[in-house]
Amino acid sequence: MTISIDKPMFEEVSAFQKKSENNTRDLTMASEHDEAFLAPEMNAFGRQFRNYDAENERQKSVEEFYRLQHINQTVDFVRVSKLIRVKKMRAEYGKLDKMVMSIWECCELLNDVVDESDPDLDEPQIQHLLQSAEAIRKDYPNEEWLHLTALIHDLGKVITLPQFGGLPQWATVGDTFPVGCAFDESNVHHKYFSENPDFHNQAYNTKSGIYTEGCGLNNVMMSWGHDDYMYLVAKENGSTLPSAGQFIIRYHSFYPLHTAGEYTHLMNEEDKENLKWLHVFNKYDLYSKSKVHVDVEKVKPYYMSLIRKYFPENLRW
Ligand SMILES: O[C@H]1[C@H](O)[C@@H](O)[C@H](O)[C@@H](O)[C@H]1O
Ligand SMILES: [Fe+2]
Ligand SMILES: [Fe+2]
């Protein structure tokens with residue numbers, strides 16, 4: 001079991017003092033209660049979480065995944081042409097013309113997805129959604145927007161399914177990073193970026209590249225994947241999730257920022273506020289992965305009530 005009570009909240013969480021400026025509650029209030037989440041030391045395979053250097057078969061395929069991702073995620077892949085300045089993947093998937101379905105239908109559909117980038121997950125995707133949502137609900141019982149954010153954060157992975165154009169894994173999952181500026185060394189398996197054409201392009205390989213300091217992440221092109229897609233789905237379908245929830249969905253795979261603390265020069269003030277909630281969320285996303293399954297039918301009514309509150313019944317995908 002990965003969830004325990006009567007343990008102190010993670011240090012970095014209780015250290016947050018500033019009030020959030022969006023319509024979410026103050027973080028210090030949210031972490032004042034006693035119940036807390038205890039991060040386990042081992043993943044479901046009895047190994048450390050996010051160990052990308054271990055010597056085993058799974059790591060080899062994860063490393064091959066990152067080799068392909070790092071070679072292929074370029075500025076031109078994310079945006080089609082410098083002349084018309086449209087973003088290729090964002091333009092194509094931003095059309096939301098692939099499917100009409102509800103959030104819950106997508107949760108079920110996600111079970112067909114295999115994530116080749118994840119060294120820690122061996123359970124059906126819906127279990128990962130519910131395990132992270134239930135763990136965060138336990139510690140933050142009043143932040144219902146956060147429970148729902150956890151439930152839906154990985155739904156964007158459906159873009160790898162045939163009915164969504166069957167994007168390759170490297171364009172769907174894995175950690176994300178900005179394109180158009182230098183690839184920071186904190187990116188896992190960084191060495192493969194040397195085979196990325198942008199790596200040798202002087203317009204793209206300086207610390208800020210095509211961006212300016214403090215420009216805000218909203219102006220930064222991220223490598224394309226499930227984060228940005230699900231953010232577009234939520235936004236374009238008029239979700240009323242608070243800005244912190246939308247930020248979590250959009251940047252939860254951006255480990256070089258939220259865990260390594262790099263790329264912070266690209267953030268603006270709003271990003272800095274939202275990042276505090278992403279730090280909270282990340283622990284539950286990462287460490288709730290366990291073999292103890294959540295009873296789907298038991299918790300479904302609760303999540304359905306949240307979905308109704310923050311989303312239309314049917315969404316364009
Ligand atoms: O392998 C995982 C997985 O794809 C997650 O869904 C993503 O958010 C992580 O960043 C990544 O490392
Ligand atoms: Fe994810
Ligand atoms: Fe996740």
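Readers should treat all values here as calculations from the given coordinates under stated rules, not as data from a laboratory. These figures come from a predicted structure and were not determined experimentally. In this analysis, Cβ positions are derived from the backbone assuming ideal geometry, glycine residues included, and neighbour counts consider all displayed protein chains.
Against the chain, whose longest principal axis comes from its Cα atoms, helix 296-310 is set at around 70 degrees. Specify whether the C-alpha gyration tensor of the range 146-276 places it in the rounded, prolate or oblate class, a ≥ b ≥ c being the square roots of the eigenvalues: rounded for a/c under 1.5, otherwise prolate if a/b is larger than b/c and oblate if not. Cα axes put the range 146-276 in the oblate bin.
The separation of the range 260-317 from the range 141-197, counted between C-alpha centres, amounts to 14 Å.
Please get the size of the charge dipole for the chain, origin at its Cα centre, with Cβ charges of +1 on Lys and Arg and -1 on Asp and Glu, quoted in debye to the nearest 20. The partial results should precede the final answer.
Working: 34 positive and 49 negative charges, 188 e Å.
Magnitude of the dipole: close to 900 debye.
Rounded, prolate or oblate: which fits the chain when a ≥ b ≥ c are the square roots of the eigenvalues of the alpha-carbon gyration tensor, with rounded for a/c under 1.5 and prolate only if a/b beats b/c? Note, shape of the chain comes out rounded.
Per-residue counts of other Cβ atoms within 10 Å, averaged by peptide: what ranking do you get for 112-119, 126-133, 166-173, highest first?
Working: 112-119: 17.9, 126-133: 23.8, 166-173: 20.1.
In descending order of packing, they fall as 126-133, 166-173, 112-119.
Candidates I152, F164, L217 compared by Cα position along the dipole of the range 123-236: farthest toward the positive end lies F164, with charges placed on Cβ.
Beyond a 32 Å Cα-Cα separation, which of these cross-linked pairs lie in this structure: K95/K138; K191/K283; K95/K300; K191/K272?
Working: K95/K138 36 Å; K191/K283 27 Å; K95/K300 30 Å; K191/K272 29 Å.
Flagged as over cut-off: K95/K138.
Take every Cα pair under 8 Å whose residues are at least 6 apart in sequence, average their separation, divide by the length of the chain, and the relative contact order is 25 percent. Length gained on full extension, S194 to K60, computed as 0.36 nm times the residue gap minus the Cα-Cα distance: 46.3 nm. Proximity of backbone amide H atoms, modeled 1.01 Å from N, is registered between M101 and L315, W317 at under 5 Å, excluding neighbours fewer than 5 places apart on the same chain. For the chain, the longest principal axis of the alpha carbon atoms and the long axis of helix 125-139 meet at an angle near 60°.
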